[in-house]
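Novice: First the structure, then my questions, so here it is.
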């Protein structure tokens with residue numbers, strides 16, 4: 001009998017602690033399915049961040065390391081530099097990656113570290129109880145922006161894909177979403193590309209996933225998906241930012257660096 | 001093997017390679033950047049991993065990742081850089097990972113200066129990072145001893161699954177001395193069956209320091225405390241100098257300062273004053289019992305440091321109220337001269353007469 005649907009081997013049977021309507025569960029599942037499909041589970045090390053997904057090691061059925069807040073890319077760098085044959089991914093939220101871990105992610109990307117980043121952007125600090133994140137939308141009410149995010153005071157939300165795309169080194173950068181089945185199907189394809197590129201030792205791979213946080217947004221799960229579509233998608237375009245391309249030796253000469261004019 | 005003349009920082013780098021410390025992350029900082037410069041050339045020759053990171057915060061966390069994956073990972077830095085590594089060191093201690101941190105201490109607090117100091121004693125010995133943890137702390141007083149302590153540091157890091165700090169002042173890092181690379185033998189180590197090497201044919205390994213259940217956290221704290229207690233029993237290292245004859249004064253000093261004290265002891269002998277030296281080599285665990293045993297034979301003790309007085313608190317703690325414990329030190333990058341030590345000792349001897 002042909003099996004049409006089953007739980008991924010790369011997930012444990014543990015029930016998650018995530019709130020109802022939160023899309024972490026979908027994202028976990030997609031990552032696990034891709035790892036299973038590529039046959040990478042037994043050589044993969046995941047890195048759990050600080051944030052709602054701090055307990056990811058309870059849900060993924062594979063080796064895991066738990067990182068200090070924002071430092072997951074440094075751990076992943078250490079792992080891949082010491083043991084290049086391992087497959088490594090970080091799973092980080094927006095507070096972790098885009099605020100306290102900004103230094104680590106930018107430099108890991110710029111060195112072209114060959115691991116995969118799953119960046120879950122839900123525009124808020126979830127675990128600490130709904131404080132403003134670097135990715136919180138303008139006017140969005142949080143426990144630390146009770147009158148709404150005032151961009152004149154704290155600036156506009158950080159767009160990580162766009163920011164990292166300004167670097168020459170990173171090979172694969174794409175933003176996806178998981179709030180409708182169509183987006184989920186696309187997200188799975190993108191995650192698979194990222195892990196394939198890592199498996200083939202090609203480049204740094206970064207997948208941002210727009211995610212919901214009904215609890216801290218103060219919305220029902222359905223309202224949350226609608227809010228994400230109407231508010232986040234226009235500001236955080238769901239698209240590819242960088243396709244991996246083999247660099248020709250010629251393109252590595254200093255004179256051909258993008259943005260630097262040829263002498264004379 | 002023949003002796004070679006090497007700068008302390010380079011000798012430490014070479015000794016680490018020979019001890020199997022083949023995964024090294026760094027951030028440049030005076031007075032220890034020569035370690036990174038040396039290893040950037042040497043690591044590719046021996047098939048090791050070398051990486052200059054974006055910050056010392058990242059360095060410590062790269063060490064965490066690599067150590068968690070089973071590598072002999074290490075780094076070097078100096079005081080302000082070590083401060084930035086404290087987050088990682090606390091996590092490494094909690095996750096019970098082996099790692100070696102070399103601190104070539106410069107002056108402080110703050111940015112301080114680039115000259116030698118022993119002002120990081122508290123940070124190394126008492127914690128530095130948050131939470132209930134200890135590092136094994138080894139303090140060489142010569143380039144040769146630094147070379148000898150590196151293999152021990154890696155072995156003990158693995159054996160205890162705990163961070164080991166090798167603490168040398170800027171003098172140790174910058175001085176050139178003849179060194180011989182010995183290959184010490186250690187008992188076999190347990191396999192690193194806890195490392196994240198891919199869950200092939202086994203249950204997943206998790207390297208973690210998160211314990212939300214108070215009983216689970218306390219269980220970890222008890223495990224760690226038992227480990228530190230074992231270190232107190234088995235890892236105390238020190239040198240006694242001139243203690244085989246009756247002495248009036250016991251100097252206590254480590255690192256470069258201990259060498260200065262030996263010269264001061266010779267000068268005091270010329271003036272008819274017998275002094276002895278206890279040189280702690282392990283700063284944690286501290287040779288408490290030796291301080292008490294040797295201190296009882298002296299009229300008083302004097303802790304001589306390149307700081308405003310840090311180890312003196314441990315000397316005092318070990319001695320209790322049985323003998324006076326005094327302090328003499330210079331700071332700011334000033335190295336105490338033997339003459340200054342002699343004068344400080346004589347002032348106390350004369351003071352105790354009146």
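Novice: Would you point out the residue of segment A:15-50, among those that are more than 11 Å from chain B (Cβ to nearest Cβ) and more than 19 Å from residue A:120 (Cβ to Cβ), that is modelled with the lowest pLDDT?
Specialist: Here the residue is A:15.
Novice: What are the residues in segment A:88-105 that are more than 8 Å from chain B (Cβ to nearest Cβ) and either without any contact (Cβ under 8 Å) to a residue 12 or more places away in the chain or surrounded by fewer than 24 Cβ atoms within 10 Å (Cβ to Cβ) (or both), if any?
Specialist: Answer for segment A:88-105, where residues must be more than 8 Å from chain B (Cβ to nearest Cβ) and either without any contact (Cβ under 8 Å) to a residue 12 or more places away in the chain or surrounded by fewer than 24 Cβ atoms within 10 Å (Cβ to Cβ) (or both): A:98, A:99, A:100, A:102.
Novice: Could you list, in sequence order, the residues of segment B:64-88 that are over 13 Å from residue B:16 (Cβ atoms) and within 12 Å of chain A (Cβ to nearest Cβ)?
Specialist: Matches in segment B:64-88: B:64, B:65, B:66, B:67, B:68, B:69, B:70, B:84, B:85, B:86, B:87, B:88.
Novice: Same structure again: Among the candidates B:113, B:70, single out the residue that is at positive phi and touching a residue at least 24 places away in the same chain (Cβ under 8 Å).
Specialist: Answer to the selection: B:70.
Novice: In addition: Among residues belonging to segment A:136-154 that are in contact with a strand residue (DSSP E or B) (Cβ under 7 Å, 6 or more places away or on another chain) and in a loop (DSSP other than H, G, I, E, B), point out the one that is nearest to residue A:75 (Cα to Cα).
Specialist: Result: A:136.
Novice: Answer with yes or no whether residue B:18 is away from every other protein chain (no Cβ under 13 Å), surrounded by fewer than 19 Cβ atoms within 10 Å (Cβ to Cβ) and touching a residue at least 12 places away in the same chain (Cβ under 8 Å).
Specialist: yes
Novice: Let me ask another. Scan segment A:209-228 residue by residue and report those that are part of a helix (DSSP H, G or I), touching a strand residue (DSSP E or B) at 6+ places or on another chain (Cβ under 9 Å) and under 21 Å from residue A:29 (Cβ atoms).
Specialist: A:228
Novice: Right, next: Output the residues belonging to segment B:93-114 that are within 20 Å of residue B:36 (Cβ to Cβ) and buried (at least 19 other Cβ atoms within 10 Å of the Cβ).
Specialist: B:99, B:100, B:101, B:102, B:103, B:104, B:105, B:106
The values are calculated or read from the model by the stated rules, or taken from the named source; none is laboratory data. This structure is a prediction, so every number in the text was calculated from the model and none was measured. Here Cβ is always computed from backbone atoms with ideal geometry, including for glycine, and neighbour counts include all displayed protein chains.
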